[in-house]
1. Please report, in debye to the nearest 20, how large the charge dipole of the stretch B:38-95 is about its Cα centre when each Lys and Arg carries +1 at its beta carbon and each Asp and Glu carries -1 there.
2. How fast does chain B diffuse by Stokes-Einstein, in µm²/s, taking the Kirkwood radius from C-alpha pairs at 20 °C and 1.002 mPa s?
3. About the Cα centre of the protein assembly as shown, what is the dipole size in debye to 20, counting +1 per Lys and Arg Cβ and -1 per Asp and Glu Cβ, all else neutral?
4. Nearest 100 Å² is fine: how much accessible area is buried between A and B, summed over both sides, with a 1.4 Å probe?
5. Calculate log10 I(q)/I(0) of the protein assembly as shown for q = 0.05 Å⁻¹, where I(q) comes from the Debye formula with a single equal point scatterer on each Cα and nothing for solvent.
6. Counting partner chain Cβ atoms within 10 Å of every residue's Cβ in B:424-430, what's the average?
7. Taking the Cα centroid of the stretch B:121-136 and of the stretch B:67-115, what is the distance between the two, rounded to the nearest whole Å?
8. Indicate the helices, whole DSSP H runs only, in chain A that combine a mean Kyte-Doolittle hydropathy of -0.5 or more with a Cα extent along their long axis of 20 angstrom or more.
Amino acid sequence: LRSISKASGDERKLLGKESNLLKKFIEEKIEEKEQKFALSARKLRLEKERIDITLDGKGAGVGSSHPVSTVMTEVIGIFSKMGFSVKEGPEIETDYYNFEALNIPKNHPARDMQDTFYISEEHLLRTHTSPVQIHSMEKAEPPIRLIAPGKVYRCDADVTHSPMFHQIEGFMVDKKITFGDLKGVLELFIHLFFGKNVPVRFRPSFFPFTEPSAEVDIGCVMCLGKGCRICSQTGWLEILGSGLIDPAVFHSVGYDPEVWSGFAFGVGIERLVMLKYCIDDIRLLFENDIRFLKQF
Amino acid sequence: MFITYPWLEKIIDVTLSPAELAEKLTMAGLETSLVDTPDPKAHPEKILDVDLTPNRADCLSVKGIAREIAALTGCKIKKESFSLTETDIPASDFVAVSVSAPERCPTYSVRLIKDVTIAPSPKWLLELLQSVGIRPVNNVVDITNYILWYEGQPLHAFDYRLINGKDINVRLAKEKEKFVTLDGKERILSADDLLIAGKTEGIALAGVMGGANTEVDETTCDILLESALFEPSAILKTTRSLGLHTESSHRFARGVDPEGVRLALDRAASMISSLAGGKVCKGAVECTVKTPQRGPVLLRPERVNTLLGTDIPRKEIISILETLSLIVDSSEPTLAVTVPSFRQDIEREIDLVEEVARIYGYGNIDTTLPTGEIARPDHPNLIDLSKEIRHLLTAKGVSEALNYSFISSVDFFPYFEDKKKLPIELKNPISNEMTTMRQSLIPGLLKNMAFNQKRGTSYLSLFETGNIFIKENDKIEEKRILTIAISPSIKKGLWNKKKNDFYVLKGLLEAISEKLKIPAPMLVKLERSAIFHPGKSATVLINHRQAGRLGELHPDFISGYSLTQAPLVLELDLDLITSFTNEKIRYTPLSRFPVVHRDLSLTIDSSIDCGTLKNLIKERGGDILLGVHVFDIYEGEQIPQGKKSIACSVSFGSAERTLLEDEINSTYESIFSYLNEKTGSTLREGG
């Protein structure tokens with residue numbers, strides 16, 4: 001190309017054209033090569049860049065919700081979907097709201113069914129969440145559908161009993177509530193929580209605040225009804241207490257039992273947790289061993 | 001209540017197997033399980049263990065259970081009778097009875113049996129008693145226990161000659177009166193306890209246990225046999241206050257059959273006469289308060305079906321009631337039901353509805369679903385809030401713990417260490433470690449950390465939500481709080497080498513406030529705490545209200561918990577937080593104009609905190625300053641002593657226009673000189 005300046009007019013044109021073509025040819029070839037090198041360089045890099053994909057991921061990992069919280073939330077969810085309101089109440093209650101308003105007078109053998117922690121003559125730690133029921137019925141007119149979740153306290157401690165545990169008690173009051181409705185609602189709850197195929201039976205019992213009263217059993221989820229240690233060889237596990245609300249309770253809150261009827265029920269959350277996850281000792285739920293907590 | 005087939009066979013022909021019987025009773029409300037005898041090889045038969053509910057006092061006897069079995073199965077009750085031969089001598093010649101507290105003892109009756117021979121009971125009686133766990137004593141005492149088990153009426157036998165005088169008085173004890181019971185223990189009675197007394201002293205704790213002073217033993221010749229009725233709730237009160245429960249008190253506390261009192265007395269006298277050879281004096285000496293007969297209980301048959309949701313015909317309802325030995329007058333539409341005296345638990349219409357339901361069979365009642373209005377269901381914010389916090393914290397690697405609400409008094413300290421908040425103590429705690437209601441979740445979580453540390457895990461992040469219990473100005477208050485405790489050390493891992501510190505905890509607090517959309521928390525110096533490290537802790541304020549505390553724990557406080565390192569703790573008042581969450585989110589339009597970032601590197605006194613610096617920048621920055629973000633802090637080489645280097649990114653922008661270069665520059669300069677003026681800060685050398 002440098003020789004172009006030495007050439008004559010026509011030769012210049014020809015040389016120019018040829019040199020440009022050559023220049024272009026060379027430039028293209030160079031670009032081609034450059035691309036080729038870039039490609040192979042990239043290829044080489046990709047082959048060299050390797051990581052060990054089996055190493056742990058970055059981040060703190062996740063913590064666990066306590067199984068009692070999980071089951072509480074699940075049970076509250078089931079009843080909420082059926083239109084039940086949710087209400088919490090104080091854990092320290094008066095003797096009146098914990099016992100007397102629920103048709104359990106002082107010095108009555110029914111009190112033996114629930115050993116109580118006392119704070120004073122007047123105050124105690126509630127033994128069930130039923131007081132919330134009474135507070136609600138006093139403040140509102142029926143119809144009413146409500147569940148009361150929360151901590152309750154009883155002087156009892158062994159493999160299946162804890163001095164503090166969780167309950168959800170609920171009730172439904174309307175104009176034509178029947179025992180059949182009680183069965184229906186509780187059976188529905190059991191099927192939603194344990195599964196559709198779990199057998200359910202209702203058997204007569206006694207609670208001072210319900211009449212007729214019933215214990216609700218499910219077919220033992222461990223041995224499927226054959227009999228085992230968990231169900232004391234009976235094939236059935238007691239899950240819920242229930243019954244039609246006793247007229248005496250209606251009287252203490254000012255509802256007319258001739259107009260309104262209703263049912264009440266109660267379930268122990270720790271019991272559900274232990275059955276759902278096959279836990280054999282209730283104390284594990286309060287020990288907070290991280291190896292236990294992380295399983296849930 | 002234990003029962004065996006030999007017992008039952010005395011009164012009913014049972015055609016069902018033990019398993020079938022247990023099932024039938026259980027499904028009728030008497031939960032029955034089968035138990036092995038103490039010697040299953042020699043005695044392979046099963047014992048029925050009937051777990052009775054408090055309302056079925058009538059089944060605290062073989063007779064009562066037999067009645068139930070008859071009603072449920074149709075098995076026939078045997079006709080039974082006994083003969084009682086009396087001498088001509090009236091018992092009233094030897095004993096007189098008076099009741100000073102008739103409301104406590106509506107019936108008191110005694111018989112006198114002379115010239116008995118105390119000896120071991122015959123084999124059949126020994127076997128029956130032992131099979132249900134009753135310890136044999138001698139023939140007379142065994143007979144009283146036999147009658148208690150069979151009839152359900154507790155009796156007591158006194159050695160007549162050991163009673164001082166012939167007047168028996170049923171009276172209230174004197175306050176602090178002493179009495180030695182049959183078990184040899186001295187009891188201090190109160191004026192609420194009822195005594196059977198002779199002239200000078202008590203001879204039995206009424207309804208509970210006899211006295212050692214009149215015990216029947218091999219020297220006894222004459223038996224004074226008592227059968228009575230005592231007011232139930234007072235008996236229960238006595239047993240609770242003395243901590244003394246017996247088969248007798250158990251029955252009296254639940255109510256015995258008023259019409260069975262005399263029958264049991266006579267039957268026992270007859271048995272004593274035949275087995276111990278005594279001569280029964282003529283007549284019983286008694287003191288009875290006449291109680292009016294219970295009127296019939298009215299039952300509207302349609303009420304049964306309305307409440308149960310059934311369609312049981314009137315005839316069937318009547319039939320069910322009659323199998324339960326209830327007498328039905330069906331001449332009117334409403335049934336008038338006469339309830340036998342042994343069913344003290346049936347008093348109201350609803351009680352009859354229950355009887356019909358349980359005999360009809362709960363399994364036969366159709367399952368239905370209720371219909372009703374849709375109502376506005378209430379759902380407490382606190383529950384949703386707790387759930388959100390739970391999800392957020394677990395996503396951030398913190399696990400949830402659950403601890404008891406009661407702690408030991410040693411671990412107790414008041415809420416936020418406010419001495420005006422007083423502890424609430426339990427009168428009857430289950431252990432010494434659980435006497436006081438907590439006002440902080442910290443002790444529980446620290447114990448959890450120590451527990452796990454002992455088992456090999458010293459890196460731990462835990463949180464708990466729960467109530468604390470405060471007594472202040474005689475009022476009891478409960479508060480829901482959240483507490484997070486994290487250990488400084490983290491799990492040894494490939495990537496994360498940094499330990500947990502105050503700022504990790506602060507990060508969790510900020511995450512919570514961001515997620516719940518509550519006003520940003522402000523941290524101020526924590527005043528006076530024995531729990532937190534004075535230099536590494538803060539009070540959390542939200543909208544100027546104390547919402548919590550966070551920081552590293554005080555080494556002195558930690559020393560009681562056997563932890564190798566002081567954990568970091570955040571406490572938050574959830575009730576207060578809930579009150580802030582009702583704010584509605586309102587969208588703010590996005591700015592269409594560019595944002596300019598400028599870095600500002602300063603050398604500043606170490607004592608000036610970043611918060612102060614940011615506030616100064618914001619003050620001078622004015623409207624066009626959008627934010628200040630600190631991204632580097634450096635202290636050490638190249639920086640003079642007592643000073644630190646801070647690098648922050650300052651953002652400028654406007655929602656209305658593009659900012660001019662000059663504006664930004666002049667503001668930037670202005671900020672810098674303001675900072676220099678207020679804090680003596682200088683531009684960092686070497687940028």
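The values are calculated or read from the model by the stated rules, or taken from the named source; none is laboratory data. Computed from a predicted structure; not experimentally measured. Every residue, glycine among them, receives a Cβ derived from its backbone with ideal geometry; neighbour counts consider all protein chains shown. Just the protein is used for accessible areas: all its heavy atoms, side chains included, with ligands, DNA and RNA removed. Shrake-Rupley method; radii C 1.70, N 1.55, O 1.52, S 1.80 Å.
1. Details: 8 positive and 10 negative charges, 90 e Å.
With only Lys, Arg, Asp and Glu charged at Cβ, the dipole is about 440 debye.
2. Working: Rh = 33.3 Å.
Calculated translational D: 64 µm²/s.
3. Working: 120 positive and 136 negative charges, 831 e Å.
So the dipole magnitude of the protein assembly as shown works out to roughly 3980 debye.
4. Numbers: alone 18000 and 37010 Å², together 48000 Å².
Using a 1.4 Å probe on protein heavy atoms, the buried area is about 7000 Å².
5. -0.48
6. On the way: counts 5, 2, 8, 8, 7, 4, 10.
Shielding by partners across B:424-430 averages 6.
7. When both Cα centres are located, 22 Å separates them.
8. Details: long enough: A:9-48 (57 Å, -1.12); A:67-81 (21 Å, 0.93); A:179-194 (22 Å, 1.26).
Taking the DSSP H segments of chain A (at least 20 Å long, mean hydropathy at least -0.5), we get A:67-81, A:179-194.
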